[in-house]
Ligand SMILES: Nc1ncnc2c1ncn2[C@@H]1O[C@H](COP(=O)(O)OP(=O)(O)OP(=O)(O)O)[C@@H](O)[C@H]1O
Ligand SMILES: [Mg+2]
């Protein structure tokens, strides 16, 4: 480390410098507070050891001045007077530690060791954060379609604001990727982005995740839990699968969003919070409102800015880029060297419908890379779903919009209608075509209110 020694007594400076050099540190010395501060202004310094009592300035002033110049420099005060109040003042002014003169060299080494450790931790932390930010930055959103270009430009416009964002899109379209892009492009990027997956939790657990709880507030609440909202303070809270939040919890969330405070389950004190909310869903919220499964007022609170990510099959221009991206990633991970798709395999991948969107494309590429025998991925290496393209005109099931029951019902009606069209409305023949009894068919027609 680069260590600066500030002391008005030369023998003291020299003996410390000698010791520190032997330990592999680079040292510099200054005979007064002002000389020390001048040195810090011009040179790289990691640690300052400063005497407390000096003719021109006190060690405390030196400490304050250095911290103002560069808060990452650690300052250790040395004092001949073991007075507790000096120590307290020093620590309040954010000294790293203090040492009593005459300096015990073992103790000095211990303190320097702690500083070194803290530096490692801080730099590691910054590195991790940088890497994460790097991975989630907007440029890593891979696209070339116009539709996604519009999405990206909306993101760039709204990221700096505090506006609540609602991300809609089928499963695997990249809602979480986009949420991260918004957070890391916002002024809140150095604060945490906390994710809560609302679908994965029961309503009791979801509420204690969101709002926290006091110890013993319900059976199983053995410890106090800090709310996700509190963890995300000054950062971003990402509510994933917001369409799965039970109505009662929606009511509580709505009140919280209006009042900008939360109350822990079993607690009495409201806690003020400052979070930016991003919500995501693959469910048709408007339809759910009509069905009484989603609160309209809650929807309006979330839907301040809404961004809909189009399914991959509606932006096929993005497929080649994504294909390349995943191919590079997985062939690297598999240490297979540079791999490529055969022309026929590429054609099939371009035509496939991707009900699971980008996540499915990612899986398809990974699977092909693993299965391919050589460096060329052929059609035979592709998953069977991709190889068996649906015949022209076949509906693109499933679409993953709407509830399971409604989708199945829609599919049944579609199927029945097609059979009836084909048989000119003759129910007996349509039933044969459908492989069901005539009675069953009539029951279905009645159930769906289909005229025939
Ligand atoms: N534009 C993109 N560029 C590169 N990779 C992407 C892009 N969009 C999505 N992905 C990748 O696709 C996968 C699915 O993305 P993500 O988890 O964000 O989807 P989602 O919409 O949240 O899905 P679900 O509704 O199932 O939760 C991830 O592995 C993600 O890295
Ligand atoms: Mg998701």
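Return the residues of region 32-51 that are within 15 Å of residue 76 (Cα to Cα) and in contact (Cβ under 8 Å) with a residue 40 or more places away in the chain; say none if nothing qualifies.
Pass one, region 32-51, residues within 15 Å of residue 76 (Cα to Cα): 33, 36-37, 40, 45-51.
Residues satisfying the conditions are 45, 46, 47, 48, 49, 50, 51.
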The correct count of residues that are farther than 21 Å from residue 21 by Cα and buried (at least 16 other Cβ atoms within 10 Å of the Cβ) in region 101-126 is 0
Given the conditions (1) at pLDDT 95 or above; (2) farther than 30 Å from residue 235 by Cβ, every one holds for residue 295 apart from (2)
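Look through region 159-171, keep the residues that are more than 9 Å from ligand 1 (Cβ to nearest atom) and surrounded by 18 or more Cβ atoms within 10 Å (Cβ to Cβ), and return whichever of them is modelled with the lowest pLDDT.
Just the residues of region 159-171 that are more than 9 Å from ligand 1 (Cβ to nearest atom), to begin with: 159-166, 168.
From what's left, surrounded by 18 or more Cβ atoms within 10 Å (Cβ to Cβ): 159, 164-166, 168.
Values: 159: 93, 164: 96, 165: 97, 166: 97, 168: 96.
Per the criteria, the residue is 159.
Residues checked against (1) part of a strand (DSSP E or B); (2) within 11 Å of the chain's Cα centre (by Cα); (3) at pLDDT 85 or above:
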residue	(1), (2), (3)
173	no, no, yes
180	no, yes, yes
183	no, yes, yes
187	no, no, yes
190	no, no, yes
195	yes, yes, yes
Across region 102-118, the tally of residues that are in contact (Cβ under 8 Å) with a residue 40 or more places away in the chain and either within 16 Å of residue 7 (Cα to Cα) or outside the structural domain of residue 6 (by TED's automatic domain parsing) (or both) stands at 2
(1) on the phi > 0 side of the Ramachandran plot; (2) part of a strand (DSSP E or B) all hold for residue 94 apart from (2)
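The values are calculated or read from the model by the stated rules, or taken from the named source; none is laboratory data. As the structure is a computational prediction, the values presented were derived from the model and not from experiment. As a convention, Cβ positions derive from the backbone with ideal geometry for all residues, glycine included, and neighbour counts pool all protein chains shown.
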